[in-house]
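J.: Here it is, the structure in full.
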Amino acid sequence: MAAAATRILMRRPTAIFLNASRLDYDKALDFSRLQKITDLTVNSVDAMTDADEIASLVNSSNAEIIITKEMEVPLSAVQKFSSNVKLMCEAGTGYNNIPIADARTRGIDVCNIPTYSTESVAHMVITYV
C-alpha cells in the first residue's frame, strides 16, 4: 500500500528539436535517451528562418521545450509561441541566436550546453600546438 501511495504518475513534457540535422548531420545520433524523458518531435532540417513557420511548428507540436543548434530564433517567432513553451535550449555553447530577455519576460527559461565539445576543442588545441 505504501508503495502505491508514494507512486507519482507524471506525464513526459513535449519537446521539439527545430533543426536536428544541424547536429545530426550524418544521421548517426541516437535520440532515444531524450525520447525516454520527453515526447520528442525531431524536425530533420538544418535551419529554419521564417518566423511564422517556426512559431507554427512549435505551436502545432504543443512544445514545452524547444531545442535548437546554432539557429537564430527571431523575436517575432518567440512572440508567437504559445504559453506552453517553458524552456528554450541551445544545443551548444552560445546564446546569441535567442532573444533571451524577451523569452524570459514571456516566462520561458533559456539554457545552453556550456561544456559542449570541451574535450574535442582541447584535443584540437593540443594538436595545433
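J.: Along its principal axes, what span do the Cα atoms of the range 18-97 show, with the longest given first and each in whole Å?
T.: On the principal axes, the range 18-97 reaches 33, 23, 21 Å in Cα extent.
J.: So which GluC sites (Glu not before Pro) in the range 60-105 end up in coil per DSSP with only 11 or fewer other C-beta atoms within 10 Å?
T.: none
J.: Counting only the heavy atoms of the protein chains, how much of F17 is accessible to a 1.4 Å probe, in Å² to the nearest 10?
T.: Counting only protein heavy atoms, the figure is 10 Å².
The values are calculated or read from the model by the stated rules, or taken from the named source; none is laboratory data. Being a predicted model, the structure only gives us computed values, none of them experimental. Neighbour counts are summed over all protein chains in view; Cβ atoms, including those assigned to glycine, are modelled from backbone coordinates with ideal geometry. Remember, those area values only see protein heavy atoms, side chains included, never the ligands or the DNA or RNA. Shrake-Rupley method; radii C 1.70, N 1.55, O 1.52, S 1.80 Å.
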